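Since the structure comes first, as structure tokens, the remarks are kept for the end.
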Amino acid sequence: MSSIENNEDECFTSDNARFYEALFQNNSNPIAIIDTQGNYIEANDAFCNFVEVAFEDLITMNIRDFLPRNQENVNLEEHFRLWETGGTIETPYLVHDEIKILELTLTPIKYRGQKCVIGVGHDITLQKRAYDNLQKSEEKYRNLIESSDAIFWEYDIVKDKWTYISPQVTTKLGFPPEKWTNLQFWIDHLHPEDQEWASRYCAECTEHGENHIFEYRFVKKNGDVIWIRDVVNVETKNGRPYFLRGLMVDITDLKKSEARNKSINKALPDLIFEIDTKGNVIDYNAPDDNDLLLSPDAFLNKNIKDLFPDNIASITMENIKKTLHEKRIHIYEYEVEMNGVQKTFEARMVPKEDTTVLVIVRDITERKELEDSLIQQKIAAEEANRYKSQFLATMSHELRTPLNPVIGYSDLLLTEIKGELNDSQKKYVSNISKSGRHLLNLINDILDLSKIETGKIELVCEYFNLGDLFSEIKAIILPQAQSKSIDLEIPNNIDIEVRADKIKIKQIVFNLLSNAIKFTDDNGKISVTVRKVDRDRVEIAVKDAGIGIPEDKIDKIFVPFVQADSSTTRKYGGTGLGLSISKKYVEMHGGKIWVESEVGVGSTFTFTIPI
């Protein structure tokens, strides 16, 4: 970098020149010399570091090269004017897409025979950014205040003066900020019933330096009365309050809502108490004070430890702590003697605020008595059902024992091994065989149902292919369909492997197909579909063109011994156990069974089981 030379007037001696050169170069402040065109002539290292340009490059540049992009065409006359008189100016510099700010003190000089200016700078970038951020923050805060429904205010206690009230006070209360001259103005416009206590409460809290929240009524300029919630922050100095800050919120609608809620609460059959963390009863609601264990005066503002037996007080305090800590509802029951009668109550504890809970108490004496009665009835019914199942199982066994030889001998007679039978004899023996088999099937169904209800049937699961299963079923069921000229469609390409109780799945499908054949007229059609509904389930559906099921009867068809229409029992036969057993077998597999039906069109029974 070149040294500063003596000017034309030879004002500096050689020693002075070296002194000022050292002062120029070693100064920590950015310093530059610029001609009247704005070209850089000289600069110290601090200035080069500030603009992040080497000296060799800087002396080829103009001050316009550092102007921010939106100021390239700015008129530099203000700069040049200060060059004539000297002065201070803030100048922005664009340095690698970053704006930096120098506070420049400009002094006109002559340098190398030409008119120039020397600028001594002070980097105020950080201060400027902080100031701009502060301004933005203050503007944002001010906008927030002025756009809020709340009225923000500041009051100087020493001067008895409102130093700030947000503009919305005019629309909210009718009095513009300039009307709020001192504290007495606020007191004068309180509701007459609130003036004395509200002003005293505020004065006492302020004197003790306590922040406080209170609610009062305020009379607006137009005479309307509104409810205000005032949140007040007390600032102290040397232990003495000197300044108040706060906000007023219009809670008139909230108060109206609370009044409505109180009216609703009065209509509720429950007792409602508000209790604080120490167990003090601070409020209550009772449809009738006669419902209370004690009169209101006896418990209001009293502690529950003084009102209830130790066991009830202890469990109540324990639940208060849990409710406030976990911020969720807790329910407990307790018993208390009232007028010589033992009563049971349910207490539902709800967190209201950080320090209070609502306790909703309901007399559940009758409900508990009913529950106990129902439990006893349930035990009795289960016992009767167990005896019924045992009886059915025993009877089924006793009936099946003589039936087997009856069916066996009648089938043997029909073979005519022991001699030929005439037509009448064949008819009678055939009826004996058919009736015996029908009765045996009925007994087997009853026995299966009894075992299911008593939990004596377990699944024996194995892996098998549904295609093989349906081949076996088709061989058995096809003759029944052909006897009525029914078109039975069962897919031949089923290739789905499942893990289930093969015998029970076979019985389910056989029951559904038997019912479909039974209720489908001659020359009708029955179709079976088998498909995977997702990776883990298979769906099997049996669709018939039978008589259909009325919509109001669908829910009953899976109930034991029930058919959709009692007349169908006489016409088509059956006991109403097949679908009930099928449903229980499906549910034992973790599946689901349902039916879609339309009278005169037909029914589709569908069930799913896990693969």
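Compared with the dominant Cα axis of the chain, that is its longest principal axis, helix 252-267 is turned about 20°.
With a simple spin-label model that places each label point 7 Å from the Cα along the Cα-to-Cβ direction, the separation between Thr236 and Lys427 comes to 11.6 nm. Near Ile320: Cβ cut-off under 14 Å, other residues only, Lys/Arg at +1 and Asp/Glu at -1. The net charge is +2.
Our note on the geometry: Cα centres of the range 295-371 and the range 195-258, 34 Å apart. Once you have a ≥ b ≥ c as the square roots of the Cα gyration tensor eigenvalues for the chain, tell me rounded if a/c is under 1.5, and otherwise prolate or oblate according to whether a/b is larger than b/c. It is oblate, given that a/c is not under 1.5 and a/b is not larger than b/c.
Note the full-extension length gain between Tyr131 and Glu90 as 0.36 nm times their separation in residues minus their Cα-Cα distance, in nm to one decimal.
Numbers: separation 41, 0.36 × 41 = 14.76 nm, distance 1.38 nm.
Value of the extension gain: 13.4 nm.
On a 0 to 90 degree scale, rounded to 10, what angle separates helix 14-26 from the longest Cα axis of the chain? That helix lies at roughly 20 degrees to the long axis. With the simple model of a label 7 Å out from the Cα in the direction of the Cβ, Asn29 to Lys474 spans 10.5 nm. Label-to-label distance, Ile315 versus Glu346, with points set 7 angstrom from Cα along the beta-carbon direction: 1.4 nm.
Annotation note: GluC sites (Glu not before Pro) in the range 336-440 located in DSSP loop regions with a Cβ neighbour count of at most 13 within 10 Å are Glu353, Glu416, Glu420. For the range 301-337, applying the loop criterion from DSSP together with a ceiling of 11 other beta carbons within 10 Å to the trypsin sites (Lys or Arg not before Pro) yields Lys327, Arg328. Could you list which residues have their amide H under 5 Å from that of Phe243, counting only those 5 or more apart in sequence or on another chain, with H placed in the peptide plane? So Phe243 has HN proximity to Ile157, Glu235.
Which FRET efficiency value, to the nearest 0.05, is calculated for Thr60 and Asp306 with the Förster distance at 60 angstrom and r the Cβ-Cβ distance? All intermediate terms of the calculation are to be shown ahead of the outcome.
On the way: r = 93 Å, r/R0 = 1.55.
Once rounded, the FRET efficiency stands at 0.05.
The angle between the Cα long axis of helix 192-207 and the longest principal axis of the Cα atoms of the chain comes to about 70 degrees, rounded to the nearest 10. Shape analysis of the range 167-266 places it in the oblate category; the axes a ≥ b ≥ c from the Cα gyration tensor give an a/c of at least 1.5, with a/b not above b/c. Determine which residues of the range 330-348 fall in the zone a paramagnetic label at Arg362 would reach in this model, i.e. backbone nitrogen under 13 Å from the point 7 Å along Cα→Cβ. Answer for the range 330-348: 331-333, 345-348.
For the range 488-565, trypsin sites (Lys or Arg not before Pro) meeting the loop criterion (DSSP other than H, G, I, E, B) and having at most 13 other Cβ atoms within 10 Å: Arg535.
Full extension from Glu383 to Gln482: what is 0.36 nm times the residue separation minus their Cα-Cα distance, to one decimal in nm? Present the calculation step by step, with values, prior to reporting the outcome.
On the way: separation 99, 0.36 × 99 = 35.64 nm, distance 4.64 nm.
Full extension from Glu383 to Gln482 adds 31.0 nm.
Extension gain, Arg537-Glu210: 0.36 nm per intervening residue step, less the Cα-Cα distance, totals 110.9 nm.
Each reported figure results from applying straightforward, stated rules to the coordinates on display, with no laboratory input. These numbers come from a predicted model, not from an experiment. Methodologically, a virtual Cβ is constructed for each residue, glycine included, from the backbone with ideal geometry; neighbour enumeration extends over all protein chains shown.
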